[in-house]
Amino acid sequence: MSDGPSITDEGVDRLRARIGIPQPHPQPPHYRCPNEDAFRHVAEAYGDDNPLWRDAAYARGTRWRGPLAPPPLVGGDTLVGENEVPELEAEQQALLKGDPIRGAHAFYAGSFREWWAPLRPGTPVTRRNALVGVHDKHSEFAERAVHEWTAEVFAAPDAVLSAQYRLMIRTEREKAEGRGKYDKTTIAPYADEQLREIDDAYASEPDRRRGAEPRWWEDVDEGDEVGPLVKGPLRVTDMVCWHVGMGMGLYGVKALRLGYQQRRRVPRFFHVDDLNVPDVQQRVHWDADWARRAGNPAIYDYGRMRETWLIHLCTDWMGDDAWLWKLDCQFRRFNYVGDTHWMRGRVVRKVVVDGRPTVDLAVWGENQRGETTTPGHATILLPSREHGPVRLPDPPGGAATCQQALDALVARFAAEEGA
């Protein structure tokens, strides 16, 4: 038993004192100057063969006049961006040292993305990262919770490109864990007819991709269905392909001597296997025994994989002339090896925002057991016969730099807490 609560008023105040202070990202970018090959590798990592990302001749015939980076690459989990703040001053280091609510359980609850400008091949990208919001909440599962919002903003030399917001929910560990463990999940073998249904869905996807045919705003109605797009059955092979394009993410897992050096830096991230060989805890994503030791019935995915699948659902539906502006999703359940996900959506609102014809979608991922694991929302700008081609959205506060965007986001999250 602990001597007292992990989340205290003093701790929350100390955490809030860090809001808006830019700090270096702990991992270097996987792609320092992403080109058409990087675009293709990232798209293929989540199963997307849209020629807008991968075929220069095709892309030159679109309104963009050349290839675009797929949305997951523009920002996102250590993929691009050199740190604009390479190191902290002594005063900032002292302020950011330690965890003011140490001992509180933390789980990655959701990812929120915005895109304001396209990324072209060979464009250098910079990034700034800061805590932008600390919301003191009362949770159904634990008496007190803190929602930590971190924003990472990305920019090209001539435009602010995008932002990613991470929601970490912090709860009192003992109270949160006392409400029960994960439900036992059975992953049943597939019947041949089930696999044929999945194969038929895969075979039809290229024909259902909107592509060069504009999806006019006037032709969309509230209630229209989006998708489905099938992803699965999930294999360990899919996890390998994911890492080929996406790199090793926040953990920065390395091979051989570089892995030894990482073990020297962060020994607690390593555990020994059956041969007494140290390996990374991340092995739960490709080793069934390690996944079971972590309390799961099977190997499981990264939540960010399903985020990219929802992005794929949106970009296939909207066509080349449209723009994916916003997407958010929550990670409610695990996605295990052997699971099949059907990514679906529905138009819930159609409106003109600042002269831009816009549609809002409810989007979600549903597994073969009928469970919604990844609910979310998306906002898409569509071309209009009346209003004309898509006009790209403005960054928050009209920001022209990463720091200006971070400042505007701090103000936004403060207003949301008070709302």
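The values are calculated or read from the model by the stated rules, or taken from the named source; none is laboratory data. Just so it is clear, the model here is predicted, and its values are computed rather than measured. Reconstructed Cβ throughout: ideal geometry from the backbone, glycine too, with neighbour counts over all protein chains shown. Calculation scope for accessible area: heavy atoms of the full protein, side chains included, ligands and nucleic acids excluded. Shrake-Rupley method; radii C 1.70, N 1.55, O 1.52, S 1.80 Å.
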Open item on the list: So if I restrict to the alpha-carbon atoms in region 67-164, what is the Rg, and what is Dmax, the biggest pairwise distance, in Å?
Closed with: 16.5, 49
Open item on the list: Please compute the Kirkwood hydrodynamic radius of region 1-114 from all pairs of different C-alpha atoms, in Å with one decimal.
Closed with: 17.8 Å
Task: Heavy-atom accessible surface of the chain: percent carbon and sulfur, 1.4 Å - done: 50 percent
Open item on the list: Quick check on packing: order 381-393, 300-312, 40-52 by the mean number of other C-beta atoms within 10 Å, highest mean leading.
Closed with: 300-312, 40-52, 381-393
Task: trypsin sites (Lys or Arg not before Pro) restricted to DSSP loop in region 251-289 with at most 14 other C-beta within 10 Å - done: K254
Open item on the list: Here are labelled values, [x] 136; [y] 167; [z] 156, and one is the computed volume of the Cα convex hull per residue in Å³ for what I pasted. Which one?
Closed with: [y]
- [ ] Work out the P(r) tail for region 103-157: percent of alpha carbon pairs separated by more than 14 Å, whole number.
- [x] 67 percent
TODO: Quote the accessible area belonging to V337 in square angstrom, nearest 10, computed with a 1.4 Å probe and with ligands, DNA and RNA left uncounted.
DONE: 40 Å²
TODO: Order the peptides 202-211, 154-163 from the highest to the lowest mean number of other Cβ atoms within 10 Å of their residues.
DONE: 154-163, 202-211
Task: Most mobile of D321, D360, D200 in a GNM of the chain (Cα contacts under 10 Å) - done: D200
Task: Spread of Cα-to-Cα distances over 10 Å intervals beginning at zero, given as percent, for region 198-322 - done: 10, 30, 27, 16, 13, 4, 0
